[in-house]
1. If the Cβ limit is 6 Å and pairs must be 6+ apart or interchain, which residue in the stretch B:95-119 that is under 14 Å from B:Ser178 (Cα atoms) pairs with which residue that is part of a loop (DSSP other than H, G, I, E, B)?
2. Filter the stretch A:2-36 for residues that are of a type in the set (Val, Ile, Thr) and more than 7 Å from DNA strand D (Cβ to nearest atom); which is modelled with the lowest pLDDT?
3. Name the residues in the stretch B:18-71 that are assigned to a helix (DSSP H, G or I) and among the hydroxyl-bearing types (Ser, Thr, Tyr), would you?
4. In the stretch A:116-123, is there at least one residue being facing chain B (nearest Cβ under 7 Å), aliphatic (A, V, I, L, M) and either outside any helix (DSSP H, G or I) or crowded, with 19+ Cβ neighbours inside 10 Å (or both)?
5. Would you mind stating whether A:Leu64 is at pLDDT 90 or above and either within 16 Å of DNA strand D (Cβ to nearest atom) or farther than 21 Å from B:Gly35 by Cα (or both)?
6. Name the residues in the stretch B:42-59 that are within 6 Å of DNA strand D (Cβ to nearest atom) and either among the hydroxyl-bearing types (Ser, Thr, Tyr) or within 14 Å of another protein chain (Cβ to nearest Cβ) (or both), would you?
7. Which condition number does B:Asp136 fail, the rest of (1) more than 9 Å from every other protein chain (Cβ to nearest Cβ); (2) surrounded by fewer than 19 Cβ atoms within 10 Å (Cβ to Cβ) being met?
8. Being at the interface with another protein chain (Cβ under 9 Å from one of its Cβ atoms) and either surrounded by 16 or more Cβ atoms within 10 Å (Cβ to Cβ) or assigned to a helix (DSSP H, G or I) (or both) is the filter here; which residues of the stretch B:141-164 pass it?
Protein chains: 2
Amino acid sequence: MATTAKKTSRTATREKRRQQLIDATMKCIARKGMGSTTLGDVAGEAGLSQGIVNLHFESKDNLLNETLRYLADEYKTQFSHAYEKSGPGAADKLHALMKLDLSPSVLDRRKVAVWFAFWGEVKSRPIYRDICEKSDEYYDEIVRSLCSQLIAEGDYKNITALAISTALASMTNGMWLSCLISPKLFDRQNAMIAVDEYLHSIFPEHFPL
Amino acid sequence: MATTAKKTSRTATREKRRQQLIDATMKCIARKGMGSTTLGDVAGEAGLSQGIVNLHFESKDNLLNETLRYLADEYKTQFSHAYEKSGPGAADKLHALMKLDLSPSVLDRRKVAVWFAFWGEVKSRPIYRDICEKSDEYYDEIVRSLCSQLIAEGDYKNITALAISTALASMTNGMWLSCLISPKLFDRQNAMIAVDEYLHSIFPEHFPL
DNA sequence: ATAATATGAATGAATACTCATTCATTTTTA
DNA sequence: TAAAAATGAATGAGTATTCATTCATATTAT
């Protein structure tokens, strides 16, 4: 088992090939839309042959499911990383998570387009809903718990962690939509200012100007 | 020969048929998704025959464009109506508009699914983007101007109308997504509370608890 | 080490199927 | 009766899927 320092492009490990096809799928969905992305497009984008997707994923439906799972996992990884790396206080963590949602690596128009392509089919494809819902639950729970912590720490009245986490999560998702629809008009900095103003007005002690 | 009223009657019939087909299209998109809605489905939903869509809309693309235009128009009508009917102050108007976005007639899961289906194709279909962007511009401008008015009236420091209108619009759009993905978990009342808490914390003078 | 064999990844032409569109015909309206 | 509207079978373009074959690499035999 010597002499394999260099892999030719002809064969790759199963995992590598699958990832390559998932990447190609996301590119195609961003460019052509979910409806008009064909298996031929995906194979072409990956520089491979017609039948390759069925070889590795069995069916188009399965490829799309796996692509959404990948998207969700990728986000979860970034989210967890931002959570761990930030701190030490709850305010710092919350701010880091909001910043992540508006950072170029997450809020990239091509990637957002892929998320929306899947969301657009959520109602008719329960499996997409399941994947997204599980992802959201994880996210919401952590944000809500950070809000609870801040409420407990500060002397905040008349606010509930649930309402605030709902507002925060909704806000960033809504900003993704603005980026998708009005890329020219959308301004990352203004979006971050909107979030900061919100945090300041809700938790003035933790988020001074 | 001297019958001028007949032409109106024919036109009305034609409009009715078109509207019937647009309604059927929205139902199909909500149920089956945009990708798997066929012209046969639409015709069937409307209780008409195979070729009927091409007769009235010339092409499937055109049918979808018109459907999105209808959605946008319908929303604009409700928005304008809520704006006119409410008042007299800017705070009342703003609150009425936010309430509209979370009201059952707008925030209905089937309707939201149709919006998301179109948003999912925005990146790859510039015409959808154009329609949505125009609609958003109108909405944003009015909300921003209401925020400006409140800022001028009150003694609010360190906030900008642009950031607040961005946050408000994003928030409701993000809540639509929650309703789509987690219909069981989503709570209209909690959503309204989140908006009210936000308005109170930003404009305490105008939105007391 | 070299040759022979086995493995399974990759190909791409062929197949089976879906669906938008057309159009000859029928039905309805004025 | 003439014009408009609607029908639904036929068409044909496009596409997911299959599969016999090719090819690169790994394994085994000599």
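1. B:Arg109/B:Pro183; B:Ala113/A:Lys123; B:Phe116/A:Gly120
2. Of the residues in the stretch A:2-36, the ones of a type in the set (Val, Ile, Thr) are A:3-4, A:8, A:11, A:13, A:22, A:25, A:29.
Okay, now just the ones that are also more than 7 Å from DNA strand D (Cβ to nearest atom), so A:13, A:22, A:25, A:29.
Working: A:Thr13: 72, A:Ile22: 94, A:Thr25: 95, A:Ile29: 96.
Top of the filtered list is A:Thr13.
3. Scanning the stretch B:18-71 gives B:Thr25, B:Thr67, B:Tyr70.
4. The initial filter retains those residues of the stretch A:116-123 that are facing chain B (nearest Cβ under 7 Å), namely A:116-117, A:119-123.
Now drop any that are not aliphatic (A, V, I, L, M), which leaves A:117, A:122.
If we keep only those that are either outside any helix (DSSP H, G or I) or crowded, with 19+ Cβ neighbours inside 10 Å (or both) too, we end up with A:117, A:122.
Yes, the stretch A:116-123 contains a residue that is facing chain B (nearest Cβ under 7 Å), aliphatic (A, V, I, L, M) and either outside any helix (DSSP H, G or I) or crowded, with 19+ Cβ neighbours inside 10 Å (or both).
5. Numbers: at pLDDT 90 or above: yes; either within 16 Å of DNA strand D (Cβ to nearest atom) or farther than 21 Å from B:Gly35 by Cα (or both): yes.
Yes, satisfied.
6. B:Ser49
7. Going through the list (1) more than 9 Å from every other protein chain (Cβ to nearest Cβ); (2) surrounded by fewer than 19 Cβ atoms within 10 Å (Cβ to Cβ), B:Asp136 breaks only (1).
8. B:Ile159, B:Thr160, B:Leu162, B:Ala163, B:Ile164
The values are calculated or read from the model by the stated rules, or taken from the named source; none is laboratory data. Note that the structure is predicted; figures quoted are calculated from it, not measured. Every residue, glycine as well, gets a Cβ built from its backbone with ideal geometry; the counts of neighbours run over all protein chains shown.
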